[in-house]
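Colleague: Dumping the structure here so I can ask a few things about it.
The values are calculated or read from the model by the stated rules, or taken from the named source; none is laboratory data. All figures in this text were calculated on a predicted structure; none of them were measured in a lab. Note: ideal-geometry Cβ built from the backbone for every residue, glycine included; neighbour counts use all protein chains shown. With ligands, DNA and RNA removed, areas are computed over all heavy atoms of the protein, side chains included. Shrake-Rupley method; radii C 1.70, N 1.55, O 1.52, S 1.80 Å.
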Amino acid sequence: MTLPGVGRTGVFAAVFALVFGAAAPVAAEVTLFKQSVAEAAYETPAIGAFYRETGYQPIWTGPDADDAARRQALIRALSDAASHGLPEGRYDIDALKAMLANVRGDRALGQVEAEMSRLFLAYARDVQTGILTPSEVDAGLVRDVPLRDGTALLRRLASEPARQVMDSLPPQTPEYARLMKEKHRLERQLARGGWGQTVRSRKLEPGDTGPEVIALRNRLIAMGYLDRSATASFDARLMAAVEAFQADHGLTADGVAGAGTIAEVNRSADTRLGQVLVAMERERWINQDLGARHIWVNLTDFHVRIVDEAKTTFVTRSVIGMDDPDRRSPEFSDVMEHMIINPTWHVPRSIATKEYLPRLQQNPYAVGHLTLVDRRGRVVPRDAVDFTQFSARSFPFNIKQRPSRSNALGLVKFMFPNRYNIYLHDTPAKDLFAREQRDFSHGCIRLHKPFEFAYALLAVQLDDPRGLFQTTLATGRETQIDLEKPVPVHIVYRTAFTQAKGRMQYRRDIYGRDAKIRAALEREGVTVGGFQS
């Protein structure tokens, strides 16, 4: 097949070859084709570098079966973008097909070649590492996204089976696959009208009867927590379903549908779908090797886990940063290098100047458990200082708290040095771990079982980790113990996450970050649901 207006040496089989796999025609005249590719690739250095390396040989518009396979694989991937929660209109497949159908000469053929490479890299970037830049959405999203090298991706595409390359681009984690499954389940539920009538009562408990109990029953049936039933009373089966729902949503599992539980029961399928789409985007942001052993800190779940070979081997409750602009825990990954037993608390300057300086200005002997130190490390007597002369900017002292059981850091802290001054640590405020929602810190992550956490970390390098830890603790001296093999730490924020076995897990958007991400995804063209029940 020869397209109208295309010369004897510059033919292209366009849409028929693209869609049906027919043999593509011979390559375009070299000089015009090269010049056209070079011009079209000018704004994308990765594309220009690839074609310079290959002498401007085509990988999409050439005459062989491999080029046809690449065209087909790209169209298939772009057509399926919405299944990954990507914007359906982002890649404009119709415009690409129109370009292919209207090739007129070697220059146009080069433009098509460069455009297909551009579309491939745009899709690869989106499905591998997300369509958003985290830090542009929220100041607490300080995660470095592991962007791939575009030239290397084109090299892979040129040397490996095209469909295999396309299929390898999205995160290959079980979590991502299960999130996609939940996405499709929720979309089917929305097509059926959602989960039905919402519950209007403020509280329902065992023994209650009436239409609101029926509404609760029906929503739990629609969500899969209860078999079909005609009961109009809050009986034992309904109580068990409420308990299961509470456990899957991070609520106190007492079987009573109080205000918090009813609020979560009334969340629409559309809202849950939005959470899943946000979780998929977040999974793309962290699409990297997490480490055979790593520490997983899910802020919204208020738990810290040690994961070994994809299995959780230790878990403890956590307290995270307060929902305040200056105290919310940021999201990032780093590497834990050591722990400090009997730590000194070096009070962050923001806390020293915002919280303690005003108190010292009222009473120089306030916060007596803290020590003032000058820039040379010398202790400063309180009665020698007129604190009223200082502002937050001019305050010249550091503030410390010596090691003790009442130290704000407790008896051990776990260090992964970072510019945000965030770490994991013990705390004397043990009562906070009994709360359902645990956002009380200045930003660092407090652990309910810090000693056991230390034993688990040290078990891979010591025969008696507990013995060494307790012996060191008993000295009362500040002591650093290095981890022979540093452990990656991932501080994440997942309001929707899966389990290898069991139901989907949902949590509250305590910092409002998911709402911002959802809004940003929608601005990019992502379609979320459309129903509200």
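Colleague: Could you tell me whether segment 301-312 includes any residue that is within 24 Å of D514 (Cα to Cα), part of a strand (DSSP E or B) and touching a residue at least 40 places away in the same chain (Cβ under 8 Å)? Lay out the reasoning, then the answer.
Modeller: Keep residues of segment 301-312 that are within 24 Å of D514 (Cα to Cα), which gives 301-305.
Checking the rest, the ones that are also part of a strand (DSSP E or B) come to 303-305.
Next cut, touching a residue at least 40 places away in the same chain (Cβ under 8 Å) only: 304.
There is at least one residue in segment 301-312 that is within 24 Å of D514 (Cα to Cα), part of a strand (DSSP E or B) and touching a residue at least 40 places away in the same chain (Cβ under 8 Å).
Colleague: Among the numbered criteria (1) surrounded by fewer than 13 Cβ atoms within 10 Å (Cβ to Cβ); (2) touching a residue at least 24 places away in the same chain (Cβ under 8 Å), which single criterion is violated by G194?
Modeller: Every condition holds for G194 apart from (1).
Colleague: Here's another thing I want to ask about it. From the list P396, P403, which residue is surrounded by fewer than 13 Cβ atoms within 10 Å (Cβ to Cβ) and either modelled with pLDDT of 90 or more or out of contact with any strand residue (DSSP E or B) (no Cβ under 7 Å at 6 or more places or on another chain) (or both)?
Modeller: P396
Colleague: Take the residues in segment 267-282 that are out of contact with any helix residue (DSSP H, G or I) (no Cβ under 7 Å at 6 or more places or on another chain) and of a type in the set (K, R), then tell me which one is surrounded by the fewest Cβ atoms within 10 Å (Cβ to Cβ).
Modeller: R267
Colleague: What are the pairs with Cβ atoms under 6 angstrom where one residue, in segment 89-110, is in contact (Cβ under 8 Å) with a residue 60 or more places away in the chain and within 24 Å of K34 (Cα to Cα) and the other, located anywhere, is open to solvent by 20 Å² or more (accessible area, probe 1.4 Å) and not in a helix (DSSP H, G or I)? Sequence gap at least six, or different chains.
Modeller: R104/G5; D106/E29
Colleague: If you don't mind, there's one more thing I want to ask. Within segment 232-253, can you find the residues that are open to solvent by 20 Å² or more (accessible area, probe 1.4 Å), under 11 Å from D208 (Cβ atoms) and not in a loop (DSSP other than H, G, I, E, B)? Show your work before the answer.
Modeller: Of the residues in segment 232-253, the ones open to solvent by 20 Å² or more (accessible area, probe 1.4 Å) are 232-233, 235-237, 239-240, 243-244, 247, 250, 252-253.
From what is left, the residues that are under 11 Å from D208 (Cβ atoms) are 232-233, 235, 239.
Those that are open to solvent by 20 Å² or more (accessible area, probe 1.4 Å), under 11 Å from D208 (Cβ atoms) and not in a loop (DSSP other than H, G, I, E, B): S233, M239.
Colleague: Which pairs do you get when a residue that is farther than 18 Å from S36 by Cα, found in segment 57-83, comes within reach of a residue that is among the basic types (K, R) and in a loop (DSSP other than H, G, I, E, B), reach meaning Cβ atoms under 7 angstrom, with the pair 6+ apart or on two chains?
Modeller: Partner pairs satisfying both residue conditions: A81/R90.
Colleague: Could you grab me the full set of residues in segment 430-439 that are open to solvent by 10 Å² or more (accessible area, probe 1.4 Å) and either touching a His at 6+ places or on another chain (Cβ under 8 Å) or without any contact (Cβ under 8 Å) to a residue 40 or more places away in the chain (or both)?
Modeller: K430, D431, A434, R435
Colleague: Continuing with this model, one more query. Tell me the strands (runs of 3 or more DSSP E) entirely within segment 332-419 that contain at least 2 residues that are in contact (Cβ under 8 Å) with a residue 40 or more places away in the chain.
Modeller: 332-341, 398-401, 412-415
Colleague: A further question on this structure: Do you know which residues across segment 440-480 are touching a Gly at 6+ places or on another chain (Cβ under 7 Å) and open to solvent by less than 20 Å² (accessible area, probe 1.4 Å)?
Modeller: S441, G443, P450
Colleague: Within segment 200-222, which residues are in a helix (DSSP H, G or I) and free of Cβ contacts under 8 Å to residues at least 40 places away in the same chain?
Modeller: Step one: filter segment 200-222 for residues in a helix (DSSP H, G or I), giving 211-222.
Across segment 200-222, the qualifying residues are P211, E212, V213, I214, A215, R217, N218, I221, A222.
Colleague: To continue, here is another question. From the set of residues in segment 132-177 that are in a loop (DSSP other than H, G, I, E, B) and farther than 22 Å from M280 by Cα, which is most open to solvent (accessible area, probe 1.4 Å)?
Modeller: The residue in question is P161.
Colleague: Give me a count of the residues in segment 333-367 that are more than 21 Å from the chain's Cα centre (by Cα) and either modelled with pLDDT of 95 or more or open to solvent by less than 60 Å² (accessible area, probe 1.4 Å) (or both).
Modeller: 22
Colleague: Being open to solvent by less than 70 Å² (accessible area, probe 1.4 Å), touching a helix residue (DSSP H, G or I) at 6+ places or on another chain (Cβ under 8 Å) and without any contact (Cβ under 8 Å) to a residue 60 or more places away in the chain: is that true of M116 here?
Modeller: Criteria met by M116.
Colleague: Right, something else. Going by the conditions given, is A191 modelled with pLDDT under 95 and within 30 Å of Q275 (Cβ to Cβ)?
Modeller: Here the answer is yes, as A191 does meet what is asked.
Colleague: Condition (residue is surrounded by fewer than 14 Cβ atoms within 10 Å (Cβ to Cβ) and among the basic types (K, R)) applied to segment 205-220: is it met by at least one residue?
Modeller: Checking segment 205-220: not a single residue is surrounded by fewer than 14 Cβ atoms within 10 Å (Cβ to Cβ) and among the basic types (K, R).
Colleague: Filter segment 283-332 for residues that are open to solvent by less than 40 Å² (accessible area, probe 1.4 Å), hydroxyl-bearing (S, T, Y) and farther than 16 Å from F497 by Cα and give the result.
Modeller: T316, S318, S329
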